[in-house]
Structure formats: C-alpha cells, structure tokens
Amino acid sequence: MAHEMEETAGRDPVAEAIARAARVPVDRLGPACPEELFRFETTEAVPPLEDGIVGQPRAQAAMDFGLKVRRPQYHLYLSGPRGTGKTAYAQIKARAVARTMPVPADWCYLYNFAQPDEPRAVALPAGRGRELKADLANLVAEMGRELRQALESGLYEQRKRTLVETAEAEIDQIWSRIVTAAQLQGFLVQRTPSQVVTIPLDPTGRPYSAAAFSALPEGERQMWRLRERQLEEPLAEGMRRIRDRERQLAEDLKALETDTATHILDRLLSPLAEKYRELAAVVDHLQAIRADVLRHLEYFRGEPDPRLLPWAAGINPEAFLTRYQVNVLVDRTGLEGAPVVVETNPSYGNLFGKIEYRGGIGTVTTDFTMIKPGAIHRANGGYLIVQVKDLLSEPYAYETLKRTLISGEARIENLWSQFGGLVPVSLKPEPIPIQVTVILIGRPDIFQLLARLDEDFRRLFKIQVPFDAVMDNSPQNVEALIQLTADYCRREGLRPLEAPAMRRLVQLGCRMAEDQRKLSTRFSEFFSVVTEADTWAAQEAAPVVAERHVRRAIDEKIYRSNMIESRLQELIAQGTLLVHTEGRAVGEVNGLAVIDVGDYAFGRPSRITARSYLGSRGVLHIERENAMSGRIHSKGVLVLTGFLLARFAQRQPVSFGASITFEQLYEEVDGDSASSAELYALLSELSGLPIDQGIAVTGSVNQKGEVQPIGGVNEKIEGFYRVCKLRGLTGRQGVMIPIQNVPHLVLHDEVVEAIRAGRFHLWAVRTIDEGIAILTGVPAGEPDADGIYPPDTVNGRVSRRLATYAEEMARQRREAGAGSPPEHGAPGSPASAD
C-alpha cells in the first residue's frame, strides 16, 4: 500500500479521551525538591559530613565488619562503578580504625656475619630502628677512632717492643748455639728466608769454594758429608725452636692487640648492650660485631689484610665498615596508630621491595643497606589500599601478592629472579612476617571474574564491599549530599553555592541516576560540574556560585560534547536524513534510539516503515535478514510476531507477508526499545490508518501487548524535541513513552517549559492499544463475545485485511492445484505463520 501524507483529521472521541488521560502532568517531568532542605543562604553554613559517605548503607555495613575482622586471609574488595567515592571512603574508614590500633614494629636488616648473603630481619619497637642505626653509626666512629689511637699509642708500642725484644733475644741465643755447634764440626751456618745452609771451612777458616771442595779427595769429601749429617739433627731442632718462638711472638702480639681492642670494645659496647638488653636480637648482633671487629682489626689500624681489600671487589675501602650499619627498612617514628598505605603504582618493586645495585669497574655490587622496602612492608600491621585494575596490569604483582598473603611472609626479590637466566650476584634477605589487611578497589565485573576463576582470590578476599551507582532520593540523602558538596568546596577552595544552585545540582543527581526517586553516587562526575560552575562564577567575579553558573556549566559541558548530535540534526533539517515531524502517514512511525559517544549520550529519531503484502512468510525484518540486528532486537521482532498471531489468529489461520525496517540505518541495531514502534507501524500498514508523524515512540512490547520500560528516556525525548524545534514546533508534536518510565523523567528546563506552554507533549501508555489510539486517532477496539472486533477500530481493520489476505491465498492455492499460475508474493521460501 502506498505511503501518503495527510492533513490532520478529526480524532475519535474515545481516542481523544485516551490521549488526554495519557498526558504526563508537568509536575511529573522532574524530581521534587522540598524547600525545607534548602533553607540556607550558601553551603558555607552547612556543617561537614561526619562519615564521609552518602547513600551506601550496604557498603558501610560491609566495610565496618571487614575492618573489624583482623584475621589472616580476610581481605576486602570494594566493588562499584568508578567515581562513587570508593577510594576516598576506604582511606577515611581505614585511617579511622587504624588510629585505634597499636603502632606496629620497626623492621631493620642487619648484616649476617655467618651468612653474609642472607641479611637478618629484626623487629624493633616503633622508633627504635632509627635509634639503633644512630647508635651503631656512633659506635663505628668511636671504634675506629679509639682502636686506632690505642694501637698507635706509646704504651702499646712499648709493650709490643718488649715482646719483640724478648723474643728476638731468645731467638738469638738459639741461633748462637746452632752456630757454635756448626763451628765445632767445621761448618759455617747461613740462614736464608727459606732454609739454613751449612758450608764447610778450609784449614784457614775460610769457606770452601765449590771448585775447591770438588778437588778434595773422595775420602775427605765423604768425611765432610758425614759431619754434615751429624749436624742436621741439632740444626733442625734449633730451627724448630726458632719457628716456635716466632709463632709464639705472633700469638703474643695478636693477644696484645686483641686484649687492647677487647678492653675498648667492651667499654663501648657495654652501654649499648645495657640499653637494648630487652632485645635479644640486638644484643646478639652487638656480640657478633665485637667478634667480627676482633677478627678484622687491620681495618682499624690502617693496615687492611690484602686478602680482604674491598677494592679488589671494585668498591671503596670504607665499604667494609657498612657491615656494622643498620638498614632501617620500615621506620614508624611519629606514627599514631597503624599505617594506611595507598599504593597508586602497584608495580612489583613498589609493592614488594627491591635490592638496588651500584656500578663498579666492569661489575655491579650490592649489600644489605641497599635493600629497599615495598608498600607491603610499610603497610605491615595496618592496611594496604590498591586499585585492582592497576594491580592486574603489572607483571607478577597479583600472583606475588596472593603468595605473600597466603604464606604470611614478605620476601624481597628482584623481578628478574622470577624469569631465571643469568642475574647479578644478589642477596637473599630473611623474609619478614606480615599482618596486613589488603583493600582492593575495582569494578564488580572484575570481582565476579576473579571469584569465579581464581580459588586463591576467593580464599583471600572473603568480604565484598558493594558500592551502588545510585541511592534513594530521600531527605536524609539529599541533606548528606549537600554536606558532601559543602565539604568538597571547602577542601578544594571553591566558592560556596547558593541554595538554588544546590537545588539544581540535586536535580542533576537525579538526571545522572535516570530516576526521580534516586540520586547518582558518581560523585566525581557530579563534582566536575561544581568545579566548572565555580570557574564560570570566577569569570564574573561573583563571590558565590549561583544557579545560573550551574546551569551554564551543564550547558557548556553538553556543548563541548554534542558535535555529532548537532551534525545529525543538521542532516535532518537539510532533508538528507528523512524524518517527518508533521502530517500523517500509513505504515510509518518515528522511533527513538540513544547514541552514546563516551562522555555524552543523545537521542536520535529513526524513521521506521512497514509494508504488507500477499504471502505466507509472516513478519520479515530487513535488518535481521542482513545480519544487522543484534540478538535482543531479533527477540523483539519474534515477540512482536507472537503478539500478532495471538491476537488475530484465534479464529482463522493468518497468512500474510510483511517487512519492517529502519530507514537510512547503516550500522547494527540492537535492543528491543523500538519493538513497540515497529508494531505500531505494522498495525498502521495493515489497518490503513495513518500515524501522526509529530509523535515519536519508544518502548518495548511483550506478547500480551503491554508496553515495557526502556532506558535513556530523557535523551530520547530531548532528542526528538530538538529536531521538532529545528523544523518548527506545531503544538501537536511530542513523544509517547511507557508509563513505567514516568518516574525516570528529569527533563531539560527548555523541554519542560515547552510542555508547560503546550508547544510539546508527552504521553505515557500502558498498552499497545492505548498507543495506537493516540497515534492514529482511532481506538484499538475490544472483541465481542465471538472474538470479533468492531469494524471501524484499528483491530477490526487489521482483522479484515488479514482475512482478505487469507482468502486470496486460499484462492491462489486452489487455482494452483488446478494448474493456474503460482501465487504472487514476496520472494523467498514460504513459511507458515500459523
């Protein structure tokens, strides 16, 4: 049937009554804001919010409970949309609880004299780590000064010289006896560094030369050899006694040095041992220092052992003394209560610490003082707050965190050790026991994914703290939102807001929640408007933020983002995109869709057309046939078909063909919010009744003909209003929505004023019958006892058209059976619509 535009005709009184009853009152186009909640001049007079959270009772209860469970493997996951204040609330609550908890211990790494590559971890009372570090630094300085002075003093040199002189005298006596014994045998004795040499003497007392000795008769040479063998034992005994005396001298000198150093060390270490007597690990370490210093006194007298020269390893000689230092890994000095650490960059090193290196000549070195802590160490005894998305994006961070929490130990290992292969010689610090509560913050879908796929996650993060994107629009929540906004202005140094400006922001909260009964809890988006309104107030040099500043901030924000919407409206105004906003047409209706461009969403009218024809294929949706339809939209088409068959195929089989399409649609369509519009277009086509093109339609439909709510109702209404305004408002245009969407209305002021002035209209319907009556001006009609609809109603006209199709199809089948030409209809394989 051809489409034709018609002038507005008279409307049936029944249909007119339905339209009047369906009109949405102006007072239901937005939320009510009780005046008693805004009895303040500016937000400067509003008291601060105590809890730091608004409208999240479930999250509050879960958080309070979770922070009280100080047990291993009871960690928290704050789930909810971004911008709902999860991070700020986690910090506020964790710090409040942490202030009531004891201050945890300092943690230090000390040199391990038994295993130098395995530094020892020692816990000290809060603040004592820094104190111990200073004490040992002073100890090293004092030891160096006093040991050097003592070992270079005159008294020490005198005692040393006495020992040496006494030993030398005894050695000279032993040597003198050796020489005398040799002379009696006719030998000269000479001592070399490695041996003692005996040389035979001639009758004149001079040593034989080698040639002269060789010239002697063989008998005489044999005699000299015999004497030499007789002399070997006395010589060996004498040399043994000399070596014993030299060894004794070395021991005496060492004992003198050790005794001198011991007195100094005992005097220096005794006060420290007394000061730290309750800390057994520190006392043991002081004793280890004492023993190590006595083993390496050469470093204090300025004569280092060449075997231990630090520069042989490419480091400064003074680096040897670093072994006596303290690496204060975690210092709790000045901390009140337990720590709360927020790690914004949870890389492996930032979370679990690292071992740093210093470059040398062709090599790198490290020591225990270059061990650096991670957030897990700083948060030990308190709370660690991490964004789960950032955690999961860092290699090995999530797996290592789980392993740390399960084992209860924090190990410091460089990341490259996880990959194997060649790594620099490193340290293996002693693990540190941890007792920390981890608070992860992220989206609900990440929690659900991890809980479903990761058993360790379920084992560790037993408490979910759910944040909702909306809260009830109750007086208590509105008052709390006002307080929260006042706190934000004070904290950020913004101008206070006047009461009308705050009322406008509350309305914005409802608009963001898409519900008059709710307020959005996406406070980051909410406060961005507050900040921008303050900027507009500053440009006017206004002392406070007025309602006009908030309104301008909202409008300017839309203007920055609605370029695509403006371009589409321009194409509609030019006639490039065919959208009719006046007149009447059969089988044609304006559907509404929402386009989301990221930071902005807007409504776009789409022309939906329906055509019917003789055939048996039933309802064919062109987008579905071309795979341009999503699954939800395809379901909507099938529901639409179910409604038609249930209504019109009760008394006789239905046999017809029909096609429905979104005109000038070149992208995939999904969702079922246009299913009612598609059904209206098809009913118009089958009944031959034209639809008012000034009315756009949105809403899904079920098989019983009930119109169901949809999303984006405000954007859809405003989108069609702007198109009508662009084309020219006639006073008959408007939008028809499901009645369930009325509480979701939070319309722009301009649209509200247009509706109040009668330039634009809004209808809310419950059923398809109500909607088709408003669109066509003809009532849908109710069946009588025999199931027959009145002939002048929409349903009566549709029934008559379908009966005509059925009769024609039956006639063609009879003729085809008699050899007549095949039936006419749409191409494709026939399919029963029964």
Total residues in segment 38-54, condition surrounded by 17 or more Cβ atoms within 10 Å (Cβ to Cβ) and touching an Asp or Glu at 6+ places or on another chain (Cβ under 7 Å): 2
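Could you check, for segment 484-496, whether at least one of its residues is under 18 Å from residue 744 (Cβ atoms) and open to solvent by less than 30 Å² (accessible area, probe 1.4 Å)?
Scanning segment 484-496 turns up no residue that is under 18 Å from residue 744 (Cβ atoms) and open to solvent by less than 30 Å² (accessible area, probe 1.4 Å).
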Would it be correct to say that residue 59 is in contact with a strand residue (DSSP E or B) (Cβ under 7 Å, 6 or more places away or on another chain) and either in a helix (DSSP H, G or I) or surrounded by fewer than 17 Cβ atoms within 10 Å (Cβ to Cβ) (or both)? yes
Number of the condition not met by residue 504 [criteria: (1) of a type outside the set (A, V, I, L, M, F, W, C); (2) on the phi > 0 side of the Ramachandran plot; (3) without any contact (Cβ under 8 Å) to a residue 60 or more places away in the chain]: (2)
Scan segment 13-35 for residues that are part of a helix (DSSP H, G or I) and touching a residue at least 40 places away in the same chain (Cβ under 8 Å) and jot them down. 14, 15, 16, 18, 19, 22, 26, 28
The one condition in (1) surrounded by fewer than 24 Cβ atoms within 10 Å (Cβ to Cβ); (2) touching a helix residue (DSSP H, G or I) at 6+ places or on another chain (Cβ under 6 Å); (3) modelled with pLDDT of 90 or more that residue 705 fails to fulfil: (3)
I'd like to verify a number: residues in segment 448-468 that are farther than 26 Å from residue 412 by Cα and either open to solvent by 30 Å² or more (accessible area, probe 1.4 Å) or charged (D, E, K, R) (or both), how many? 8
From the residues in segment 784-820 that are among the hydroxyl-bearing types (Ser, Thr, Tyr) and surrounded by fewer than 18 Cβ atoms within 10 Å (Cβ to Cβ), which one is modelled with the highest pLDDT? 804
I'd like the residue in segment 630-687 that is at pLDDT below 80, within 18 Å of residue 595 (Cα to Cα) and not in a loop (DSSP other than H, G, I, E, B) and, out of all such residues, is most open to solvent (accessible area, probe 1.4 Å). 632
Taking the stated definitions as given, is residue 576 hydroxyl-bearing (Ser, Thr, Tyr), closer than 22 Å to residue 493 by Cβ and surrounded by fewer than 19 Cβ atoms within 10 Å (Cβ to Cβ)? no
Subset of segment 74-129, residues part of a loop (DSSP other than H, G, I, E, B), among the polar types (S, T, N, Q) and within 30 Å of residue 488 (Cα to Cα), comes to 84, 100
So which of 152, 157 is within 23 Å of residue 293 (Cα to Cα), touching a Gly at 6+ places or on another chain (Cβ under 9 Å) and open to solvent by 40 Å² or more (accessible area, probe 1.4 Å)? 152
Within segment 94-147, work out how many residues are within 32 Å of the chain's Cα centre (by Cα) and open to solvent by 60 Å² or more (accessible area, probe 1.4 Å). 4
Note: among 722, 727, 732, just one is farther than 24 Å from residue 564 by Cα, open to solvent by 30 Å² or more (accessible area, probe 1.4 Å) and not aromatic (Phe, Trp, Tyr), namely 732
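Looking only at residues that are in a helix (DSSP H, G or I) and of a type in the set (Lys, Arg) in segment 693-732, which one is farthest from the chain's Cα centre (by Cα)?
727
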Just to be sure I understand the filter: pairs with C-beta atoms under 8 Å, separated by 6 or more residues or on different chains, first member in segment 435-459 and within 19 Å of residue 376 (Cα to Cα), second member in a helix (DSSP H, G or I) and hydroxyl-bearing (Ser, Thr, Tyr). Which pairs pass? 441/87
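The values are calculated or read from the model by the stated rules, or taken from the named source; none is laboratory data. This one's a predicted model, so the numbers in the text were calculated from it and none came from an experiment. No Cβ is skipped: glycine too gets one built from the backbone with ideal geometry, and neighbour counts run over all protein chains shown. For the accessible areas, the whole protein counts, side chains as well, though only heavy atoms, and no ligand, DNA or RNA atoms are used. Shrake-Rupley method; radii C 1.70, N 1.55, O 1.52, S 1.80 Å.
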